[in-house]
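Engineer: Please read through the structure below; I'll follow up with questions.
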Amino acid sequence: MRLSTASHYLGALLIAMSFAAPATAADLPGKGIKVLPVQNTIAEETFQTLLVTKALKKLGYDVQSIKEIAPPTAHIAVANGDATFMADHWNPLHEAFYQNAGGDAKLSRTGVYSDNSAQGYLIDRATATKYNITNISQFADPKIAKLFDTDGDGTADLTGCDPGWGCEAVIEHQLTAFKLRGSITHKQGSYSALIADTITRHKEGKPIFYYTWTPYWVSGVMVPGRDVVWLEVPFSSLPGDQAKTDTKLPNGKNYGFVVNKQNIVANKVFVEANPAAAKLFSLMKLPMTDISAENMRMNKGEGSSADIERHTNGWIKAHQALFDGWIAQSLAAAKK
């Protein structure tokens, strides 16, 4: 009797366990499907890309190592199927890259992964206050421009944007539109090296003039309103398809750039064939403040691949219910 009872209990337990068991790899919609993520060469964008890759792996996809390439090339690679997705598409800053790669016919961008990404020109607060500088048009005055001259040629030196990022096209366009070609030199190269020198100058109490964006760690080191101030532009002026865009904010300020959204852009053929991934891309959201906080940790010495991996795992653990919800909804989408 005891043996029979024990056997009955064991059988019931095994049946219950079989129903409670998670889906095996064979049951997952991504089984056997390779995914290649690409991103810009900025290490600080790895966090947001890695978060997407970890979610895709939960769906069973065979995610390859992230490949770093410049945005124009990345869009083309995704459109042609040489890569699968990118999580650092700036909209509308990268609109020309998107359209040149084939637009909606070859690419998919649904949902907003990260919102309220600002960018523009800043100078140190001390110089701004002393000389009452509020607008970049004031650099047309040689006396103002000379304040920010770092190499002795009489023009203001702007720590600018790397070629191929998209922001450099806006800066170059505006220097002409605002008639500042003879007053400002757009310094380009390695942004990380240039901004490091700019920060050093600021610590030494020297005037600084630079371009930056959010989310990024720079505004955590030189805080707008406390250490530096945003400069306005004399009027809205953007290149290409954005030519008629008004960059004035609801508060009346005009910093020359549109506040961007960041989208996950994926190969359209892949998205149409993979409803689970498509659903995931539309669901994922990462607050700009969280990206900035992670980037600041990188700037303070936690910038290795292992560090970024730890940061990403930590974010998932802190938002486990949200993350699990994305996976559950994506799995459900694959069964429809």
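Engineer: So how much slack lies between Arg310 and Asp27, counting 0.36 nm per residue of separation and subtracting their Cα-Cα distance, in nm?
Structural biologist: Details: separation 283, 0.36 × 283 = 101.88 nm, distance 2.81 nm.
Here the segment from Arg310 to Asp27 would lengthen by 99.1 nm.
Engineer: Now, a different point. In nm, to one decimal, how far is the modelled label at Val269 from the one at Ala196, with both set 7 Å along Cα→Cβ?
Structural biologist: Placing both labels 7 Å beyond Cα along the Cβ direction yields 4.2 nm.
Engineer: Can you tell me, using C-alpha contacts under 8 Å and at least 6 residues apart, the relative contact order of the chain as a whole percent? Show your work: numbers first, answer last.
Structural biologist: On the way: 567 pairs, mean separation 82.3, N = 336.
Worked out over the chain, it gives 24 percent.
Engineer: For Lys268, what is the net charge nearby, where nearby means another residue's Cβ is under 9 Å from its Cβ and Lys, Arg count +1, Asp, Glu -1?
Structural biologist: Working: positive: Lys106; negative: Asp104, Glu272.
With Lys, Arg at +1 and Asp, Glu at -1, the neighbours total -1.
Engineer: Along the Cα→Cβ direction, 7 angstrom out, place labels at Lys253 and Gln99. What is the inter-label distance in nm?
Structural biologist: Inter-label distance under the simple model: 2.9 nm.
Engineer: For segment 119-242, treating each Cα as an identical point scatterer without solvent, what Debye log10 I(q)/I(0) comes out at q = 0.14, 0.22 1/Å?
Structural biologist: Ignoring solvent entirely, the Cα scatterers give -0.55, -1.50.
Engineer: What translational diffusion coefficient, to the nearest whole µm²/s, does segment 52-101 have by Stokes-Einstein, given a Kirkwood radius computed over alpha-carbon pairs, a temperature of 4 °C and 1.567 mPa s viscosity? Don't skip to the end; give the middle numbers.
Structural biologist: Details: Rh = 11.8 Å.
In µm²/s, the coefficient is 110.
Engineer: Quick one: divide the alpha-carbon radius of gyration of segment 286-336 by 2.2 N^0.38 Å and tell me what you get.
Structural biologist: On the way: Rg = 14.0 Å, N = 51, 2.2 N^0.38 = 9.8 Å.
Its radius of gyration relative to the 2.2 N^0.38 Å reference: 1.43.
Engineer: Rg and Dmax in Å for segment 98-185, alpha carbons only: what are they?
Structural biologist: 17.3, 53
Engineer: Residue by residue through segment 228-244, which ³J(HN,Hα) values in whole Hz follow from phi under the Karplus form 6.51 cos²θ - 1.76 cosθ + 1.60 (θ = phi - 60°), with glycine and proline marked x?
Structural biologist: In residue order, the calculated couplings are 9, 9, 6, 9, 7, 10, x, 6, 6, 7, 10, x, x, 5, 8, 3, 9 Hz.
Engineer: Could you work out the local net charge near Gly111, counting Lys and Arg as +1, Asp and Glu as -1, over the other residues with Cβ closer than 10 Å to its Cβ? Walk me through the intermediate numbers first.
Structural biologist: Numbers: positive: Arg109, Lys261, Lys279, Lys285; negative: none.
That works out to +4.
Engineer: Which of the peptides 186-195, 238-247, 89-98 is most tightly packed, and how do the rest follow, judged by the mean count of other Cβ atoms within 10 Å per residue? Intermediate values should be presented prior to the final figure.
Structural biologist: On the way: 186-195: 16.3, 238-247: 14.0, 89-98: 22.0.
Ranking, from highest mean packing down: 89-98, 186-195, 238-247.
Engineer: Pairwise over distinct Cα atoms, reciprocal of the mean inverse distance: report the Kirkwood radius of the chain in Å, one decimal place. Provide the component values of the computation, followed by the final result.
Structural biologist: Working: mean 1/r = 0.0452 Å⁻¹.
Radius from the Kirkwood sum: 22.1 Å.
Engineer: Search the structure for amide H atoms under 5 Å from the amide H of Thr110, placed 1.01 Å from N in the peptide plane, and list their residues when 5 or more places away or on another chain.
Structural biologist: So Thr110 has HN proximity to Ile264.
Engineer: Then there is this: What number, in percent, do you get for the relative contact order of segment 119-242 if the mean sequence gap of Cα pairs under 8 Å and at least 6 apart is divided by its residue count?
Structural biologist: Numbers: 184 pairs, mean separation 52.1, N = 124.
Taking the mean separation of contacting Cα pairs over the length of segment 119-242, I get 42 percent.
Engineer: How large is the helix-only mean residue ellipticity at 222 nm for the chain, computed as the sum of -39500 (n - 2.57) over DSSP H runs with n ≥ 4, divided by its residue count, in deg cm²/dmol to the nearest 500?
Structural biologist: Numbers: 14 runs with 145 residues, N = 336.
Result for the chain: -13000 deg cm²/dmol, rounded to the nearest 500.
Engineer: What's log10 of I(q)/I(0) for segment 16-174 at q = 0.10, 0.13, 0.20 Å⁻¹, Debye sum over Cα points only, no solvent?
Structural biologist: Treating every Cα as an identical point scatterer, log10 I(q)/I(0) equals -0.55, -0.77, -1.24.
Engineer: Let me ask something additional. Looking only at the chain, where both bridge partners belong to it, what percent of the DSSP beta bridges are antiparallel (to the nearest 5)?
Structural biologist: Numbers: 19 of 32 bridges.
In the chain, approximately 60 percent of DSSP beta bridges are antiparallel ones.
Engineer: If you take the square roots of the eigenvalues of the alpha-carbon gyration tensor of segment 253-333 and sort them as a ≥ b ≥ c, do you get rounded (a/c under 1.5), prolate (a/b over b/c) or oblate?
Structural biologist: Details: a/c = 2.07, a/b = 1.26, b/c = 1.65.
Oblate is the answer for segment 253-333, as a/c is 1.5 or above yet b/c matches or exceeds a/b.
Read-outs: derived from the displayed coordinates by stated rules, not from any lab. Everything numeric in this text was worked out from a predicted model, so none of it was measured. Quick reminder, even Gly has a Cβ in these numbers, built from the backbone with ideal geometry, and neighbours come from all protein chains shown.
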